[in-house]
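**Student:** Sharing a structure below in structure tokens format, with a few things to ask.
The values are calculated or read from the model by the stated rules, or taken from the named source; none is laboratory data. Every value quoted in this text rests on a predicted model; they were computed, and no experiment measured them. Reconstructed Cβ throughout: ideal geometry from the backbone, glycine too, with neighbour counts over all protein chains shown.
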Amino acid sequence: MKKVEVTIITANKLTASQKKVVQQALASKISLVEIKEEIDPEVVGGIKIKLGTQIFDATVAGKLEKLKSLLPEIQVTTAIELSANQRVKIRSALEKKYGSVAISEVIDQKIIGGVKIVADSKEYDATIKGKLARLKQQLLQTI
């Protein structure tokens, strides 16, 4: 049987006892394993395990990224970059309604001004472009 090469990526070199624990854990899943170590100072609070092309991320950053993917994704579109105060107010309002959220900001000068928020397949359009489009529809319906 061929040994499976596994690369352990950490911020610091593993101690002998840490390496033994990792080897035992891997051996319970993979019968023959060869462990290689890689030091990456960017890794914070944990390890990454590389098996072939797959990387299993057990770092703090990896766990936070997974947690972030579980949060509702809300897109906030404005014509210009939000100020810190505006950002805080929008986040506060959204968190009151949705709880913890992941917010992505988009700058689109075509909206002219105002803000558009897309959350849970609902769109809240308070942009000048949106208001002009609604005004146009109302005018066309009255003609």
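**Student:** Pairs please, first residue from region 22-43 and closer than 13 Å to F56 by Cβ, second anywhere and assigned to a loop (DSSP other than H, G, I, E, B) and not basic (K, R), Cβ atoms under 8 Å, 6+ apart in sequence or on different chains.
**Tutor:** Close Cβ pairs (under 8 Å, with a partner that is assigned to a loop (DSSP other than H, G, I, E, B) and not basic (K, R)) amount to V22/L14; V43/A11; V43/T59.
**Student:** Filter region 32-68 down to residues that are charged (D, E, K, R) and part of a strand (DSSP E or B) and give me whichever is modelled with the lowest pLDDT.
**Tutor:** E34
**Student:** Restricting attention to region 2-21, which residues are without any contact (Cβ under 8 Å) to a residue 12 or more places away in the chain, surrounded by 10 or more Cβ atoms within 10 Å (Cβ to Cβ) and among the hydrophobic types (A, V, I, L, M, F, W, C)?
**Tutor:** Within region 2-21, just V21 meets the criteria.
**Student:** Given the structure, is S104 among the polar types (S, T, N, Q), outside the structural domain of I47 (by TED's automatic domain parsing) and at pLDDT below 90?
**Tutor:** No.
**Student:** While we're here: Condition first: charged (D, E, K, R), more than 21 Å from K2 (Cβ to Cβ), out of contact with any strand residue (DSSP E or B) (no Cβ under 6 Å at 6 or more places or on another chain) and assigned to a helix (DSSP H, G or I). Can you find one or more residues in region 20-30 that meet it?
**Tutor:** The answer is yes, given that some residue of region 20-30 is charged (D, E, K, R), more than 21 Å from K2 (Cβ to Cβ), out of contact with any strand residue (DSSP E or B) (no Cβ under 6 Å at 6 or more places or on another chain) and assigned to a helix (DSSP H, G or I).
**Student:** Collect the residues in region 62-81 that are over 15 Å from L94 (Cα atoms) and either touching a helix residue (DSSP H, G or I) at 6+ places or on another chain (Cβ under 9 Å) or exposed (fewer than 14 other Cβ atoms within 10 Å of the Cβ) (or both), keeping them in residue-number order.
**Tutor:** Scanning region 62-81 gives K63, L64, E65, K66, L67, K68, S69, L70, T78, A79, I80, E81.
**Student:** Another one. Looking at E81, is it under 30 Å from E42 (Cβ atoms), part of a helix (DSSP H, G or I) and either outside the structural domain of G46 (by TED's automatic domain parsing) or under 18 Å from the mean Cα position of the chain (by Cα) (or both)?
**Tutor:** In short, no.
**Student:** Tell me which residues, restricted to region 1-54, are under 26 Å from E65 (Cα atoms) and small (G, A, S).
**Tutor:** Result: A11, A25, G45, G46, G52.
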